[in-house]
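Accompanying notes for the structure given below.
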Amino acid sequence: MSQFESWSYGYPPVTNYYVPAQPLSYSNPWGNVPYYPGYSAQDGHHRATQPLTFVLIHGSWGDASYWDQVAADLRKEGHTVYTPEYAGHGADTNKNVTHADITRSVVNYIVSRNLKNMILVGHSFGGSVIQKAAEQIPDRIKRLVFMNAYVLNDGESIADEVPPAAAQAFSQLRAASKDDTIMLPYPLFRETFVNLADATLASQLYNKVKPEPAKPFYEKLDLKKFYTLPTPRSYLYLTTDGVLPQGEGFGWHPHMSDRLGVFRLIKTPGDHFSTVKTEPARIAEKLYEAARD
Amino acid sequence: MSQFESWSYGYPPVTNYYVPAQPLSYSNPWGNVPYYPGYSAQDGHHRATQPLTFVLIHGSWGDASYWDQVAADLRKEGHTVYTPEYAGHGADTNKNVTHADITRSVVNYIVSRNLKNMILVGHSFGGSVIQKAAEQIPDRIKRLVFMNAYVLNDGESIADEVPPAAAQAFSQLRAASKDDTIMLPYPLFRETFVNLADATLASQLYNKVKPEPAKPFYEKLDLKKFYTLPTPRSYLYLTTDGVLPQGEGFGWHPHMSDRLGVFRLIKTPGDHFSTVKTEPARIAEKLYEAARD
Amino acid sequence: MSQFESWSYGYPPVTNYYVPAQPLSYSNPWGNVPYYPGYSAQDGHHRATQPLTFVLIHGSWGDASYWDQVAADLRKEGHTVYTPEYAGHGADTNKNVTHADITRSVVNYIVSRNLKNMILVGHSFGGSVIQKAAEQIPDRIKRLVFMNAYVLNDGESIADEVPPAAAQAFSQLRAASKDDTIMLPYPLFRETFVNLADATLASQLYNKVKPEPAKPFYEKLDLKKFYTLPTPRSYLYLTTDGVLPQGEGFGWHPHMSDRLGVFRLIKTPGDHFSTVKTEPARIAEKLYEAARD
């Protein structure tokens, strides 16, 4: 295990953990069924929803529209949802951006709106963005949720977490670009980003892909402060994601998720880019399960 | 692989395996659909249930009530179910117990009732208990079923199978106790034991948690005899369990399950402590699939 | 990672990837819901089926009847399906065959029928067969689909990919045979090949098992050409397969699937031998998702 795989990270020292709001009791036995009102024994789902504020951070080769359908379903459930677009993406045609520029976009978006008590969600590259944002505005964050997202070790870059052959491919694609970007070849996108989609959806989604600024992939990030933060964190793992190898020293879960220390694990079937379009209600539900108290 | 990951363990030497009750035949082709009466092509579920005797052994920080809803559903299906509570747990307020005391509780429970041909199920810490019980009363056991349960190597302790940071946390909690126990901090329980539960259920379940006797976590167990037993065994893996890391040298499956040699694998979504409360019928069904001939 | 776990294998050099048939466009945004006609937002399933030609290659201890129910469901969906039986299996009682004989059976079957633009599917041992067949008739293959199938490294044998204890067991069974075959003992079959089946189905399937020619398990295969082929490939992983350990350096996925380089991952619950009988429609659907453009 890396130095970051620790059950103590993300919480105060284990000798003085906080206790639940209601006083602990060892003497209130509960019966068989139903053992508390309002609970569905059918599916384990919540009945009453706790309204939350979500800030959803998209990943590379994407923009705010990645979240359109999921955000709509979260709002239907009574949540407040923001989907900021960051430097070098979407409306911003300037590709000459750094990881710090991207983080600044997100932090400014949150601070300018004075958002507080947020669930800050990062997808893919967005994981490294919420790691850095959490260092800058920890008091505004109720919980971090990583959804098939990078959790970088201190001193790592995104490029350090992709297999050697993929890193080599990205370097070639970067070198072939005129503006220091990396454009995803269609076969790589179709087979590994949208493996669960049919060809029509795959093409529609690919047609929205824009060349990704390369620099932020190769910047080593200082994450020392992140690994001292007590912010609660969850990892939502879509289990059919083919973007990274699913074992042997790489991948979203458990390879990167374990770096979060004590975290809440939620799993559901899904790929990297298409399941948010084909089954947004289920993804919204799992984001809520990852986010609730 | 460890010396215990062997396909021959748990069965007689491979040169004289037993054959099914009905004589083998290489000449009785079966048609397409339905290829045998009474089989549901819909879901692969049994139609006729084989009545079994289950003895369900709970884990740490739990008591016999862990199984209440699952046992009720197994009984509905016609099975006989026992849920013994062992030394240092539930009604027993004496926390000064050893692993041998706990095993003795279970063995005495079984022998005093003269239970035979049982399916002996262990959850979590209970896995190490059924390993030791199997050494003492092998002739009473039809099959062992491990449900997100420890399968210790010979000479190991439970503490040897938790990540270093978690082991350190447990040591601190033990040191902080007045009676050599380990009390689970709420955040650790909420995020890793009941990650699929909502906050209300999480608190209700936490309110039942009592400090766990520490000594049995640190006792190295002699399991040489266990690894010579021919008892059939199954591993039921609830796939969303966050109590142990899910890869990289730790965890329930495949890390510990593989030590069983030839075993029957059953998987279903679920966490460590709440899915038996929210979806007991499904867990009961999977226990049956793990237990049937 | 092995030298074969490369994102560039299976595609031309990354600097000249092909692009989708329709011209790329970065300017056609799509709305929220429905974002394209004919797409089901309910389940992500295709509405319109693309008719394909499937050639399904069974594994060891099996014959063409392994695919009977799945082939019937694929045909119902409008696909053309072939299920060749190869040397030393099914109708062929001569067990003295080599891996090359088996591959020749499959290649001759395909060439004699002049099959083209095929989806060539291999199950288990059949994975090594489609690897070799792909080297001989690459121009006839539209896509390779591995379903819980061996993907051997260049120079490996099947025996190299089974755990030491299993390899030892197979050697003993081989030595005990009169005709250089390996017969599966019932307990091994019941617990690891048909773990999800009930006892009746397990016995019915076992009664069809014939001793497997041993030689092809131990032949080292030259697969240098396979690892230069640009043929698209998918891996369909049935997640409850107990035939190989599910981690720690062994197993179907990700251990062997990662050798395919850029591949399409599809997952669904299932075991090695019984799910194709109990839930053929679901397996047929997942094979289509693995095979479509």
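The values are calculated or read from the model by the stated rules, or taken from the named source; none is laboratory data. Just so we're clear, the structure is a prediction, and the values are computed from it rather than from any experiment. Ideal geometry is used to build each Cβ from the backbone, glycine not excepted, and the neighbour counts take in all protein chains shown. Remember, those area values only see protein heavy atoms, side chains included, never the ligands or the DNA or RNA. Shrake-Rupley method; radii C 1.70, N 1.55, O 1.52, S 1.80 Å.
Restricting attention to the range C:94-114 and to residues that are over 16 Å from C:Gly62 (Cβ atoms), polar (S, T, N, Q) and without any contact (Cβ under 8 Å) to a residue 40 or more places away in the chain, the residue that is surrounded by the most Cβ atoms within 10 Å (Cβ to Cβ) turns out to be C:Thr103. When A:Lys215, A:Lys210, A:Lys224, A:Lys220 are checked against the criterion of being of a type in the set (D, E, K, R), within 14 Å of chain C (Cβ to nearest Cβ) and touching a residue at least 60 places away in the same chain (Cβ under 8 Å), a single residue qualifies: A:Lys210. In this entry, C:Glu135 is excluded by the filter for residues that are more than 30 Å from B:Thr268 (Cα to Cα) and assigned to a loop (DSSP other than H, G, I, E, B).
Against the list (1) open to solvent by less than 10 Å² (accessible area, probe 1.4 Å); (2) under 24 Å from B:Gly88 (Cβ atoms), the condition B:Asp222 fails is (1).
Inside the range C:106-161, can you point out the residues that are among the aromatic types (Phe, Trp, Tyr) and closer than 13 Å to C:Tyr235 by Cβ?
Matches in the range C:106-161: C:Phe146, C:Tyr150.
Quick check on C:Arg140: is it buried (at least 20 other Cβ atoms within 10 Å of the Cβ) and charged (D, E, K, R)? When the stated conditions are applied, C:Arg140 does not pass them.
When the range C:183-207 is examined, which residues are found to be among the small types (Gly, Ala, Ser) and without any contact (Cβ under 8 Å) to a residue 60 or more places away in the chain?
Of everything in the range C:183-207, those that are among the small types (Gly, Ala, Ser) and without any contact (Cβ under 8 Å) to a residue 60 or more places away in the chain turn out to be C:Ala199, C:Ser203.
Of all the criteria given as (1) touching a Phe, Trp or Tyr at 6+ places or on another chain (Cβ under 6 Å); (2) more than 24 Å from B:Ala159 (Cα to Cα); (3) of a type in the set (Ser, Thr, Tyr), the one not satisfied by B:Tyr235 is (2). Given the criteria crowded, with 19+ Cβ neighbours inside 10 Å and of a type outside the set (Lys, Arg), does A:Ala199 qualify? Spelling it out, it is not the case that A:Ala199 is crowded, with 19+ Cβ neighbours inside 10 Å and of a type outside the set (Lys, Arg). Within the range C:58-88, being in a loop (DSSP other than H, G, I, E, B), within 13 Å of chain B (Cβ to nearest Cβ) and among the aromatic types (Phe, Trp, Tyr) holds for one residue alone: C:Trp61.
I need every pair where a residue in the range A:253-274 that is surrounded by fewer than 24 Cβ atoms within 10 Å (Cβ to Cβ) has its Cβ under 6 Å from the Cβ of a residue that is polar (S, T, N, Q), sequence separation at least 6 or different chains. Every condition considered, the pairs that remain are A:Pro254/B:Gln246; A:Gly261/A:Ser6; A:Lys267/A:Thr239; A:Lys267/B:Thr240; A:Pro269/A:Thr239; A:Pro269/A:Thr240. Checking each residue in the range C:235-252 for being open to solvent by less than 10 Å² (accessible area, probe 1.4 Å) and at the interface with another protein chain (Cβ under 7 Å from one of its Cβ atoms) picks out only C:Thr240.
For the range A:125-164, the set of residues classified as of a type in the set (Gly, Ala, Ser) and either within 19 Å of A:Pro230 (Cβ to Cβ) or in contact with a Gly (Cβ under 7 Å, 6 or more places away or on another chain) (or both) consists of A:Gly126, A:Gly127, A:Ala133, A:Ala134, A:Ala149, listed by residue number.
Of everything in the range C:168-182, what is more than 9 Å from chain B (Cβ to nearest Cβ) and either open to solvent by 20 Å² or more (accessible area, probe 1.4 Å) or without any contact (Cβ under 8 Å) to a residue 24 or more places away in the chain (or both)? Give them in sequence order. C:Ser171, C:Arg174, C:Ser177, C:Lys178, C:Asp179, C:Asp180 - these are the residues of the range C:168-182 that are more than 9 Å from chain B (Cβ to nearest Cβ) and either open to solvent by 20 Å² or more (accessible area, probe 1.4 Å) or without any contact (Cβ under 8 Å) to a residue 24 or more places away in the chain (or both).
Would you mind stating whether C:Pro232 is within 14 Å of chain B (Cβ to nearest Cβ), open to solvent by 10 Å² or more (accessible area, probe 1.4 Å) and closer than 24 Å to A:Pro163 by Cβ? Judged against the criteria, C:Pro232 is not a match. Here C:Ala197 fits the description: over 29 Å from C:Asn96 (Cα atoms) and either at the interface with chain B (Cβ under 9 Å from one of its Cβ atoms) or not in a helix (DSSP H, G or I) (or both).
Here is a yes/no grid of residues against (1) in contact with a helix residue (DSSP H, G or I) (Cβ under 6 Å, 6 or more places away or on another chain); (2) under 30 Å from C:Lys215 (Cα atoms); (3) at pLDDT 50 or above:
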residue: C:His45; (1), (2), (3): no, no, no
residue: C:Ala48; (1), (2), (3): no, no, yes
residue: C:Leu52; (1), (2), (3): yes, no, yes
residue: C:Trp67; (1), (2), (3): no, yes, yes
residue: C:Tyr82; (1), (2), (3): no, yes, yes
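Only residues that are open to solvent by less than 20 Å² (accessible area, probe 1.4 Å) and of a type in the set (Gly, Ala, Ser): list them for the range A:46-93, please. Listed by number, the residues that qualify are A:Gly59, A:Ser60, A:Gly62, A:Ala64, A:Ala71, A:Ala87, A:Gly88, A:Gly90. Looking at the structure I just gave you, is C:Leu260 within 15 Å of the chain's Cα centre (by Cα), modelled with pLDDT of 95 or more and more than 10 Å from chain B (Cβ to nearest Cβ)? Here the answer is no, as C:Leu260 does not meet what is asked.
Could you tell me which of the residues C:Val162, C:Val121 is at pLDDT below 95 and either over 24 Å from C:Pro51 (Cα atoms) or touching a strand residue (DSSP E or B) at 6+ places or on another chain (Cβ under 7 Å) (or both)?
Among C:Val162, C:Val121, only C:Val162 is at pLDDT below 95 and either over 24 Å from C:Pro51 (Cα atoms) or touching a strand residue (DSSP E or B) at 6+ places or on another chain (Cβ under 7 Å) (or both).
One residue alone among C:Ala134, C:Ala91 is within 30 Å of C:Arg174 (Cα to Cα) and modelled with pLDDT of 95 or more, and that residue is C:Ala134.
Give me the residue from the range A:275-293 that is within 10 Å of chain C (Cβ to nearest Cβ) and open to solvent by less than 20 Å² (accessible area, probe 1.4 Å) and, out of that set, nearest to A:Asn148 (Cα to Cα). Top of the filtered list is A:Thr275.
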